[in-house]
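Please read the structure below before turning to the comments.
The values are calculated or read from the model by the stated rules, or taken from the named source; none is laboratory data. Just so you know, these numbers come straight off a predicted model, no measurement behind them. Every residue, glycine as well, gets a Cβ built from its backbone with ideal geometry; the counts of neighbours run over all protein chains shown.
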């Protein structure tokens, strides 16, 4: 059944992932890949849409929330403990990871009686095709197979099991020292039965895999626990066969509870590439960074005019969007969407993000070859003819196109990094012409995207609205953090886009009216933007304030260290798809930045100092 978004924990196998609630209910899971249809979709409705409840019963025979949960050390093995009047029960949940293309997904659940004598209930009822299709349950020796159409799930357990009204039921009592195991395995229905695995052996291998992976982290600073948990989460969102990283493993968890701001995030966004690559490199994960860069090159290959803002985990381009009317949505938040039609929007900022990613990969020596340089030249060649056009912008608005300032800034980034590439001798291109283009874009932004009366850049040309993406101006080196326009913009955003608890909205929304994004309703504070503010505060010398904001953001994590996309200050809960890569990546970057921040703040990696004449124009 639907619970608060932060009540869930993630386990995964580098091909897909599932969400398990505090009551021990597996309420979301797609097999065999992140972008497959869900076999468990209760998080978007109720238990009849697919769930697997496992745990002791509380008062009134209802599932009881765990007394406490944790991940075992630096792993993705979840341990939930119930302390009851009759004894203590522990359930260990995990999925054995694999980086091979040929992989069989397993969800393993181990029930241990720690003390006393505890009654336990398991109710397994998956519903294939996002809660629509009820499987047929067939006993096969000591096993059960749940099958419908192309999909099959095989259950192996040491618990007594019976089929009751289309549900696999196990009711048993465990005493101190007892162990009961469950293994659920996905298999295409036409394939032979999967091999039975040893849960104990699989657990040992899973613990060893994650411990060895986490040990590679080079960050040893104050916030190591939060950084390691975020990095493990990013790794868990990786589709190992291709290196692609999904934005989140879920679809349609609402940004506005009860509203329509519900999107499918099980895809790979190009703008995530640069910041993810940076975080991986800065923490010692060169192999993952190399795989991510390789995925990027494969995905964007071809005609620059057909560049998309996102792709499937294999680089697939077609991501048609549709609505699932049979699902009521998380806490009645409709519609539930699969696919994402924003894939074909014009978002000029992605050209800057792609070139920034290639630049960072090249500087890190990740083996980005000359074909990548050719691609970069082609991308800027296209951008040269189109940078002045309006677009949908970083936030994928579904309203009219505008001349978004962030988009223009990132167009400047694309040209700037490519000019430097040509200057280095690593590529051929119209150097002088693109130097002029770089200056032209810079001047255009400073003249049309800046409000001298309020001393702030604005969301779009001619607009008075603010936008938190403007916080990236100093981070991308467009202007120095010491520039008074940058300081003014940071202060304006902090003043006008802050929630009552000090976190940052992306931009103003209009409640019942359709706002700049073409949507009704409001949303929570965008966590990535709040981390960006902390970065900027450190850059302008307000290191103590930056650290205070960062630690407040850490306090928003759930009990196992996970963040969704947004924070609803009124409801005091997380909202949006979960867990969100775009929240965990800036957490890592901000932690690293604060560790080395001096009293004057760190300098951006790419800087361009600008002066002002009395009229406020860029000189």
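Among the residues of the range 40-73, the one identified as under 29 Å from residue 327 (Cα atoms), in contact with a helix residue (DSSP H, G or I) (Cβ under 9 Å, 6 or more places away or on another chain) and surrounded by fewer than 16 Cβ atoms within 10 Å (Cβ to Cβ) is 48. The single residue among 290, 318 that is outside any loop (DSSP other than H, G, I, E, B), outside the structural domain of residue 33 (by TED's automatic domain parsing) and over 23 Å from residue 428 (Cα atoms) turns out to be 290.
None of 328, 304, 320 is closer than 22 Å to residue 421 by Cα and in contact with a helix residue (DSSP H, G or I) (Cβ under 9 Å, 6 or more places away or on another chain) except 304. In the range 299-314, what residues are in contact (Cβ under 8 Å) with a residue 24 or more places away in the chain, in a helix (DSSP H, G or I) and out of contact with any strand residue (DSSP E or B) (no Cβ under 9 Å at 6 or more places or on another chain)? 304, 305 - these are the residues of the range 299-314 that are in contact (Cβ under 8 Å) with a residue 24 or more places away in the chain, in a helix (DSSP H, G or I) and out of contact with any strand residue (DSSP E or B) (no Cβ under 9 Å at 6 or more places or on another chain).
Which of the following residues is in the same structural domain as residue 522 (by TED's automatic domain parsing), assigned to a loop (DSSP other than H, G, I, E, B) and surrounded by 17 or more Cβ atoms within 10 Å (Cβ to Cβ): 488, 477? If you could, list the steps in order and put the result at the bottom.
Details: 488 fails: assigned to a loop (DSSP other than H, G, I, E, B).
Every option except 477 fails the conditions.
If a residue has to be in a strand (DSSP E or B) and touching a residue at least 60 places away in the same chain (Cβ under 8 Å) to count, how many in the range 120-154 make the cut?
Initial filter on the range 120-154 (in a strand (DSSP E or B)): 120-125, 133, 136-140, 143-148, 151-154.
Imposing the further condition that a residue be touching a residue at least 60 places away in the same chain (Cβ under 8 Å) reduces the set to 120-125, 151, 153.
Residues that pass the stated criteria total 8.
Across the range 339-374, which residue is nearest to residue 266 (Cα to Cα) among those that are touching a residue at least 60 places away in the same chain (Cβ under 8 Å) and surrounded by fewer than 20 Cβ atoms within 10 Å (Cβ to Cβ)? Looking at residues that are touching a residue at least 60 places away in the same chain (Cβ under 8 Å) and surrounded by fewer than 20 Cβ atoms within 10 Å (Cβ to Cβ), I get 339.
Restricting to the range 209-224, name every residue that is closer than 14 Å to residue 78 by Cα and either out of contact with any helix residue (DSSP H, G or I) (no Cβ under 8 Å at 6 or more places or on another chain) or not assigned by TED's automatic domain parsing to the domain that holds residue 180 (or both).
Selection gives 211 alone.
Annotation: residue 183 fulfils all but one of (1) touching a residue at least 24 places away in the same chain (Cβ under 8 Å); (2) closer than 24 Å to residue 281 by Cα; the unmet one is (2).
Considering only residues that are over 15 Å from residue 498 (Cα atoms) and either in contact with a helix residue (DSSP H, G or I) (Cβ under 6 Å, 6 or more places away or on another chain) or without any contact (Cβ under 8 Å) to a residue 12 or more places away in the chain (or both), look in the range 549-559 and name the one that is surrounded by the fewest Cβ atoms within 10 Å (Cβ to Cβ). Per the stated criteria, the residue is 555.
Of the residues examined, residue 93 is one that is touching a strand residue (DSSP E or B) at 6+ places or on another chain (Cβ under 6 Å), within 26 Å of residue 151 (Cα to Cα), assigned to a strand (DSSP E or B) and in the same structural domain as residue 209 (by TED's automatic domain parsing).
Against the test of being surrounded by fewer than 20 Cβ atoms within 10 Å (Cβ to Cβ) and within 25 Å of residue 591 (Cα to Cα), the options 229, 224, 187, 205 yield a single qualifying residue, 224.
May I ask you to say which residue of 270, 296 is in contact (Cβ under 8 Å) with a residue 40 or more places away in the chain, touching a strand residue (DSSP E or B) at 6+ places or on another chain (Cβ under 9 Å) and surrounded by fewer than 23 Cβ atoms within 10 Å (Cβ to Cβ)?
270
Checked against the criterion of being at pLDDT 95 or above, out of contact with any strand residue (DSSP E or B) (no Cβ under 7 Å at 6 or more places or on another chain) and either in the same structural domain as residue 327 (by TED's automatic domain parsing) or not in a loop (DSSP other than H, G, I, E, B) (or both), the range 49-68 contains one or more residues that satisfy it.
Here the condition is being within 21 Å of residue 160 (Cα to Cα), surrounded by fewer than 20 Cβ atoms within 10 Å (Cβ to Cβ), assigned by TED's automatic domain parsing to the domain that holds residue 17 and modelled with pLDDT of 95 or more; of 114, 83, it holds for 114 alone. Among residues of the range 61-88 that are on the phi > 0 side of the Ramachandran plot, those with a Cβ under 8 angstrom from a residue that is assigned to a strand (DSSP E or B), sequence gap 6+ or separate chain, pair up as 87/113; 87/114; 87/115; 87/116; 87/117; 87/118; 87/175. Exactly one residue out of 19, 76 is touching a helix residue (DSSP H, G or I) at 6+ places or on another chain (Cβ under 9 Å), at pLDDT 95 or above, surrounded by 21 or more Cβ atoms within 10 Å (Cβ to Cβ) and not in a loop (DSSP other than H, G, I, E, B), and it is 19.
Rundown of residues vs (1) under 24 Å from residue 507 (Cα atoms); (2) in contact (Cβ under 8 Å) with a residue 40 or more places away in the chain; (3) surrounded by 24 or more Cβ atoms within 10 Å (Cβ to Cβ), yes/no style:
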residue: 393; (1), (2), (3): yes, yes, yes
residue: 402; (1), (2), (3): yes, yes, no
residue: 413; (1), (2), (3): yes, yes, yes
residue: 432; (1), (2), (3): no, no, no
residue: 436; (1), (2), (3): no, no, no
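If you go through the range 267-282 one residue at a time, do you hit one that is assigned to a loop (DSSP other than H, G, I, E, B) and farther than 19 Å from residue 76 by Cα? Checked against the condition, which is being assigned to a loop (DSSP other than H, G, I, E, B) and farther than 19 Å from residue 76 by Cα, the range 267-282 yields at least one hit.
Whether any residue in the range 553-562 is over 17 Å from the mean Cα position of the chain (by Cα) and modelled with pLDDT of 95 or more is what I want to check.
The initial filter retains those residues of the range 553-562 that are over 17 Å from the mean Cα position of the chain (by Cα), namely 555, 559.
Those left that are additionally modelled with pLDDT of 95 or more: 555, 559.
Looking for residues that are over 17 Å from the mean Cα position of the chain (by Cα) and modelled with pLDDT of 95 or more, one finds at least one in the range 553-562, hence yes.
Checking each residue in the range 561-584 for being surrounded by fewer than 20 Cβ atoms within 10 Å (Cβ to Cβ) and in a loop (DSSP other than H, G, I, E, B) picks out 569, 570, 571, 572.
Counting the residues of the range 448-474 that are farther than 15 Å from residue 407 by Cα and outside any loop (DSSP other than H, G, I, E, B) gives 2.
Does the range 356-378 contain at least one residue that is under 26 Å from residue 457 (Cα atoms) and modelled with pLDDT of 95 or more?
No, the range 356-378 contains no residue that is under 26 Å from residue 457 (Cα atoms) and modelled with pLDDT of 95 or more.
No other residue among 160, 139, 150 is surrounded by fewer than 22 Cβ atoms within 10 Å (Cβ to Cβ), modelled with pLDDT of 95 or more and in contact with a helix residue (DSSP H, G or I) (Cβ under 9 Å, 6 or more places away or on another chain) apart from 150.
For the range 321-347, which residues satisfy the criterion of being more than 20 Å from residue 576 (Cα to Cα) and at pLDDT below 95? Working first, answer last.
Kept after step one, since they are more than 20 Å from residue 576 (Cα to Cα), are these residues of the range 321-347: 326, 344-347.
Matches in the range 321-347: 344, 345, 346, 347.
Within the range 526-533, does at least one residue satisfy the condition of being surrounded by fewer than 18 Cβ atoms within 10 Å (Cβ to Cβ) and either closer than 28 Å to residue 362 by Cβ or touching a helix residue (DSSP H, G or I) at 6+ places or on another chain (Cβ under 7 Å) (or both)? Checked the range 526-533: no residue is surrounded by fewer than 18 Cβ atoms within 10 Å (Cβ to Cβ) and either closer than 28 Å to residue 362 by Cβ or touching a helix residue (DSSP H, G or I) at 6+ places or on another chain (Cβ under 7 Å) (or both).
Please specify each residue of the range 165-180 satisfying the condition of being modelled with pLDDT of 95 or more and over 14 Å from residue 52 (Cβ atoms). Step through it out loud before you land on a result.
Our first condition is that a residue be modelled with pLDDT of 95 or more; within the range 165-180, this holds for 167-180.
Those that are modelled with pLDDT of 95 or more and over 14 Å from residue 52 (Cβ atoms): 171, 172, 173, 174, 175, 176, 177, 178, 179, 180.
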